[in-house]
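The values are calculated or read from the model by the stated rules, or taken from the named source; none is laboratory data. Keep in mind it's a predicted model, so treat the numbers as computed, not measured. For neighbour counting, all protein chains shown are included, and Cβ atoms are generated from backbone atoms with ideal geometry for every residue, glycine included. Just so you know, the surface numbers come from the protein's heavy atoms only, side chains and all, with ligands and any DNA or RNA stripped out. Shrake-Rupley method; radii C 1.70, N 1.55, O 1.52, S 1.80 Å.
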Amino acid sequence: MPSVSLDSAGLVKIPGVNHYEERLLFLLQLLRRPRTEITYITSEAIAPEVVDYAFDLVPSLPRAHARGRLTLLDCASREPIPLSAKVLRRPDLLARLRAAVHDPADAVLVTYNSTPVERELAVALGVPLFAADPDLAPLGSKTGSRELFTGAGVPVVEGLDGLRDTADVVAALAELRGRDAAMGTAMVKLNDSFGAGGNVLFSFAGAPSTGLADWVRRELPRRAVFASPPDTWEDYRAKLDSMGGVVERFVEGEETASPSAQVMLSPDGGVRLLTTHDQVLGGAEKQIFVGCTFPARAEYRMQVQELALRAGRALAARSVVGVCSIDFVSVRTGGQWHHHGLEVNLRMGGGTTPYFLLHSLVEGDYDPTTAQYRAPDGTPVAFYATDRLYQDAYRALAPADVIALLVDEGLQYRVRDRVGVAAYMLGALEIGRFGVVVIGPDTTSALADYRRLVSVVDEWAASRAARV
């Protein structure tokens, strides 16, 4: 159930959001297990060539046998509401899903994220939900994340949390600046927000030495810079007064980085680290996730792994289940890196699909002694990934065109060499967008191959548009 369960206002801000539902097609690799059955439901039917390609990304999968154990269902709806809600109002689909569950004790509902709607669906189907209980959602809020990090011994950015409304935020901004007159910028974050959608930067340039709170109150509406526009102060303030937030120092230094980690939390309390990767951030304020490189940089990935495991154990102790991502902000001073826990995402993240596609193709495993992924023969493997290959000219391409391009140009993943490209979210080409995972022996070569790929796709798209 790859439902991106946000409010309608959040959903409409994500271009091609329905096609995010294709990202969980990596789960087809579970069909390697001969008795496993998968029922995969989406808002709209997935194009047959996209499904065929997803099968092709599992080299050891006996396709004919696996196809008989895969059921694809859809709601035939683009309405901007969560997929789970669409299913709940369709008795016919609920009946088909119940029929697919031969033994509730041997079934599980896998979701992208977890809200009361996903829990309601799990209860309606009589199967357990492999995701965080929605009652635990406060652990993934900005305030909850800071509290969890602190309790787990993970450093956090200087700031104040548990802020209830705009008045608290004004007071917190004034207090932060009062602690350090040299502070240039602070960040305001909504407690419950997706990605950078709730982040606002505030500059202290020209701030007075006295009457600071009054100055902040006057300046905040006109100085607020939204990390993920468009937005207005009036709308943002209403959300802030409703859900509260945190205020943090905007981290600056000789060099900054945004590493992240993913953990798999099992029902028995086990904590398994999947990745440590470096996030690639875009947008005018460099706050929007646009991709990632795996593994994270060698000089700090073991440190990030240890901090992520601390946070993961704290989540497991609170009975959190499923895939979670843990974001950090890191700053280098001299030769020393300092890492700060930034956010806990009680859901799959931007690095989840790339990691599992890597795992599907290479069939190796994560090595916690080096924080690298290793092929069965011990060779390290890396990737560069993004789901934001996004240009209007790409509308001229169909999924079959991209697949053909990869094959014709020799860019497709080659099992023997463990090098090449896997594409995903190909249905989003209708709006000029798709994703890729570029696999190579290290992140430098993967990034170089990605740039070559972009050049080739741009050429193809321009040529196709000219013919049309």
Exercise. Residue by residue through the range 53-80, note down the ones that are in a loop (DSSP other than H, G, I, E, B), closer than 16 Å to Leu358 by Cβ and either open to solvent by 50 Å² or more (accessible area, probe 1.4 Å) or in contact with a Cys (Cβ under 8 Å, 6 or more places away or on another chain) (or both).
Key: Pro59, Ser60
Practice problem: Output the residues belonging to the range 326-352 that are open to solvent by less than 10 Å² (accessible area, probe 1.4 Å) and among the β-branched types (Val, Ile, Thr). | Solution: Ile326, Val344, Thr352
Quiz prompt | Matching residues, the range 119-133, being at negative phi and more than 18 Å from the chain's Cα centre (by Cα) | solution = Arg119, Glu120, Leu121, Ala122, Val123, Ala124, Leu125, Val127, Pro128, Leu129, Asp133
Quiz item: Hey, any hits in the range 262-269 for a residue that's under 27 Å from Ala314 (Cβ atoms) and free of Cβ contacts under 8 Å to residues at least 24 places away in the same chain?
Solution: yes
Quiz item: Hey, among the residues in the range 281-312 that are assigned to a loop (DSSP other than H, G, I, E, B) and free of Cβ contacts under 8 Å to residues at least 60 places away in the same chain, which one's farthest from the chain's Cα centre (by Cα)?
Solution: Glu299
Exercise. Hey, can you tell me all the residues within the range 403-436 that are closer than 20 Å to Tyr355 by Cβ, among the aliphatic types (A, V, I, L, M) and open to solvent by 40 Å² or more (accessible area, probe 1.4 Å)?
Key: Val415
Self-check item: Elements of type strands (runs of 3 or more DSSP E) in the range 215-274, at least 2 residues being surrounded by fewer than 18 Cβ atoms within 10 Å (Cβ to Cβ)
Solution: 255-257
Practice problem: Check the range 166-175 and report whether any residue there is farther than 29 Å from His338 by Cα, open to solvent by 50 Å² or more (accessible area, probe 1.4 Å), assigned to a helix (DSSP H, G or I) and not hydroxyl-bearing (Ser, Thr, Tyr). | Solution: yes
Quiz item: Does the range 227-245 contain any residue that is at pLDDT 95 or above and polar (S, T, N, Q)?
Solution: yes
Exercise. Please enumerate the residues belonging to the range 96-117 that are in contact with a Pro (Cβ under 8 Å, 6 or more places away or on another chain) and within 19 Å of Phe26 (Cβ to Cβ).
Key: Val108, Leu109, Thr111, Tyr112, Ser114
Quiz item: Do we find that Ala422 is among the hydrophobic types (A, V, I, L, M, F, W, C) and part of a strand (DSSP E or B) in this structure?
Solution: yes
Quiz item: Does any residue in the range 363-377 that is touching a residue at least 24 places away in the same chain (Cβ under 8 Å) and over 12 Å from Phe294 (Cβ atoms) come within less than 7 Å, Cβ to Cβ, of a residue that is among the hydrophobic types (A, V, I, L, M, F, W, C) and outside any strand (DSSP E or B) six or more places away or on a different chain, and which pairs are these?
Solution: Ala375/Val362
Practice problem: Would you kindly identify the helices (runs of 4 or more DSSP H) lying entirely within the range 86-161 that contain at least 2 residues that are open to solvent by 40 Å² or more (accessible area, probe 1.4 Å) and farther than 30 Å from Met183 by Cα? | Solution: 91-100, 116-125
Practice problem: Need at least 3 residues that are under 30 Å from Glu118 (Cβ atoms) per element, so show me which strands (runs of 3 or more DSSP E) inside the range 313-411 make the cut, counting only ones lying wholly within it. | Solution: 322-333, 336-345, 380-390
Quiz item: How do the pairs read when you match residues in the range 214-241 that are free of Cβ contacts under 8 Å to residues at least 60 places away in the same chain and of a type outside the set (A, V, I, L, M, F, W, C) with residues anywhere that are surrounded by 12 or more Cβ atoms within 10 Å (Cβ to Cβ) and not in a helix (DSSP H, G or I), using Cβ under 6 Å and keeping only pairs 6 or more apart or on different chains?
Solution: Arg223/Phe202; Arg223/Ser203; Lys239/Leu190
